[in-house]
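Nothing in this text is a laboratory measurement; each read-out follows from the coordinates by a stated rule. Quick caveat: nothing in here was measured; it's all calculated off a predicted structure. Using ideal geometry, Cβ is built from the backbone for each residue, glycine included, and neighbour counts are taken over all protein chains shown.
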Amino acid sequence: MSTIEEELPMHLRGNWAPLQDERTITSLKVTGTIPTELDGRYLRNGANPITGFSDHPFLGDGMIHGIRLRDGQAEWYRNRYVQTPFIAQPDREVIDMEDSLTDMTSSKANTNIVGHAGQILALEEGHFPYVLDGDLDTVGPTDYSGKLTGSFTAHPKICPTTGEMVGFGYSLMEPYLTYLRVSAAGELVQVENITVGGPTMMHDFNMTENHVIFMDLPAIFDLELAIKGEMPIRWSDDYGARLGVMPRNGNDASVVWYDIDPCYVFHPMNAYEEDGNIVIDVARLSHIWRDGPMDFPEPALHRWTIDTASGRVTDDRIDDMPAEFPRVPDDRVGVKHRYGYMMANAAASAFEEPMSANGAILKYDLETGKRTSVEVGAGRLPGESSFVPKANATSEDDGYLMTYVFDANTDSSEFAIFDAGSMSNDPVATVELPRVPFGFHGNWVPSATAD
Ligand SMILES: [Fe+2]
């Protein structure tokens, strides 16, 4: 390893190192059989700083890695930057109160990518969504015909029943929180300011059949850090922690708040209503950013149960195993799930050098309490996996798990499809790829959703 590499922070080394090129590969080696029912794109976003450097793993430029599947073929792999102002002007300030923190087009667009209402949206929580076309070229930022005036979360929830997409924006300045509801046709139909205790950093939220649940947690904006150009969020021991339950078409006056023990949750697995309770499964961390911008203790799966009659919230630790990036099938979002999928020991393994992890995709059966896994092998690590149901699925877990798997032994990657029902270590199919750096969130976008 060169001296220059040794001086780089962890998030730019090993398989966190950014790529320099955008590639299109149409001749791809496939092992196994890609199911012919899969017609769409697996897309994953992540931070890939165009200058080769970023101060923090969350601040690199958004790069999408995509695979197009159709008729049992892998038609192409592409990686493309989201064409934000930072790509045209790589020396633009990332944390700047006069510009990048207040200009809503000034996104890194690096966190998630979803399909909704015929559009592919690259998302980052501080700014407007960016629309991409089916070849991953950037169309541009969207403000929903002028109705969106602030930020849009990287973790909206799309209702499997109505097709509407609910989300929120948070801000460093008042109003600190805004609820956003986008119709199935892609129109922003509701914008509500919501009162929270201060400028909380709200990464994700929850949707059930009738409600949304905000997580008002003690990671808060710090102006002094922003002025210094540092990651402008820190832990607060005084702020408290609470969950806000609101009808999906409600407003600030209809939010009911429930206190919980201080903690942080980047990602819930899912939420649903049952017998007057609201159940939320989450990857819970004891705190974040107390001892600095890389202070991330190990997350683990917990279950919050909100008893709306008594006002009490119970917090049950479901498993001690460190795990993150929880997901349920898209058609279970907001309704009761039996199964959830996570990435084992994600943060710790990914930063090891040399990376010796035995990475795994975890499957939780929340009815029996049993955990099973797909083990991807020594020195190999999967990313977040997306569940895609089989064409004529007979059970909730009758489907495929898709992800990119990095292999430190060969410094290359593959796109892998596993059987979620059996959780066999042997993939249904793999597609050989050059190195795909670790990233954040991905989704399967069927051609029927956006093409
Ligand atoms: Fe996230």
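Give me a comma-separated list of calculated 3J(HN,Hα) values for the stretch 439-449, in order, Karplus coefficients 6.51, -1.76, 1.60 applied at θ = phi - 60°, integers in Hz, x for any Gly or Pro.
Per-residue couplings from phi come out as x, 9, 10, x, 8, 7, 10, x, 4, 5, 8 Hz.
For R23 and D259, compute 0.36 nm times the residue count separating them, minus their Cα-Cα distance, and round to one decimal in nm.
Extra length available between R23 and D259 comes to 80.1 nm.
Which value, in debye to the nearest 20, gives the size of the charge dipole of the stretch 323-451 about its Cα centre, when Lys and Arg are +1 and Asp and Glu are -1 at the Cβ?
Roughly 340 debye, rounded to the nearest 20.
What lysines does K147 reach when the alpha-carbon gap must be under 29 Å and sequence neighbours fewer than 8 apart in one chain are set aside?
Hits, sequence-local ones excluded: K108, K157.
Under a Cβ-only charge scheme (Lys and Arg +1, Asp and Glu -1), can you give me the dipole magnitude of the stretch 115-235 about the Cα centre, in debye to the nearest 20?
So the magnitude is around 200 debye.
Among 381-388, 364-371, how do they line up by average Cβ neighbours within 10 Å per residue, starting with the highest?
Peptide ranking by packing, descending: 381-388, 364-371.
So for each of 124-132, 309-317 I average, over its residues, the number of other beta carbons within 10 Å; can you give me the resulting order with the highest mean first?
124-132, 309-317
Answer with one residue from P90, H65, S27: the one whose Cα lies farthest towards the positive end of the charge dipole of the stretch 1-93, charges on Cβ with Lys, Arg +1 and Asp, Glu -1.
Positive-end residue among those listed: S27.
Say the dipole of the stretch 143-318 comes from +1 at the beta carbon of Lys and Arg and -1 at that of Asp and Glu; which of G198, G250, I260 then lies farthest toward its positive end?
In the stretch 143-318, that residue is G250.
Could you tell me the distance between the Cα centroids of the stretch 292-319 and the stretch 10-39, to the nearest Å?
35
Run the quick spin-label model on S286 and E224: label points 7 Å from Cα toward the beta carbon, then report their separation in nm to one decimal.
Taking the simple label geometry, S286 and E224 are separated by 2.5 nm.
Using only alpha carbon pairs under 8 Å that are at least six residues apart, calculate the relative contact order of the stretch 165-229 and give it in whole percent.
Values: 100 pairs, mean separation 15.9, N = 65.
Value for the stretch 165-229: 25 percent.
As an exercise, find the ratio Rg/Rh for the stretch 7-107 from alpha-carbon atoms, using the Kirkwood inverse-distance average for Rh.
Value, to two decimals: 1.08.
Taking K29 as the anchor, which lysines have their alpha carbon closer than 24 Å to its alpha carbon, excluding any fewer than eight residues away along the same chain?
K390
Relative contact order of the chain, please, whole-number percent, based on alpha carbon pairs below 8 angstrom and at least 6 residues apart. Each step should come with its number before you reach the end.
Values: 1217 pairs, mean separation 61.1, N = 451.
It rounds to 14 percent for the chain.
Kindly write out, for the stretch 179-188 in residue order, the coupling ³J(HN,Hα) from the Karplus curve 6.51 cos²θ - 1.76 cosθ + 1.60 (θ = phi - 60°), rounded to whole Hz, with x marking Gly and Pro.
8, 10, 10, 10, 5, 4, 7, x, 9, 6
Rounded to two decimal places and with Rh computed the Kirkwood way over Cα pairs, what is Rg over Rh for the chain? Each step should come with its number before you reach the end.
Numbers: Rg = 20.5 Å, Rh = 22.1 Å.
Here Rg/Rh amounts to 0.93.
Which shape class applies to the stretch 143-318: rounded if a/c is under 1.5, otherwise prolate when a/b exceeds b/c and oblate if not, where a ≥ b ≥ c are the square roots of the Cα gyration tensor eigenvalues?
Oblate, since a/c reaches 1.5 and b/c is not below a/b.
Please give the charge dipole size of the stretch 173-315, origin at the Cα centre, charges +1 on K and R Cβ atoms and -1 on D and E Cβ atoms. Round to the nearest 20 debye.
Dipole about the Cα centre, nearest 20: 160 debye.
Give the residue from T410, S373, H11 lying farthest towards the positive end of the charge dipole for the chain; charges sit on Cβ (+1 for Lys and Arg, -1 for Asp and Glu) and the dipole is referred to the Cα centre.
S373
Diagonalise the Cα gyration tensor of the stretch 1-65 and give the resulting equivalent ellipsoid semi-axes, square root of 5 times each eigenvalue, largest first, whole Å.
31, 14, 11
Under a straight-distance cross-link criterion of Cα-Cα below 15 Å, which aspartates and glutamates are reachable from K363, leaving out those fewer than 8 residues away in the same chain?
Filter leaves D281, D319, D320, E324, E375, E384, E396, D397, D398, D419.
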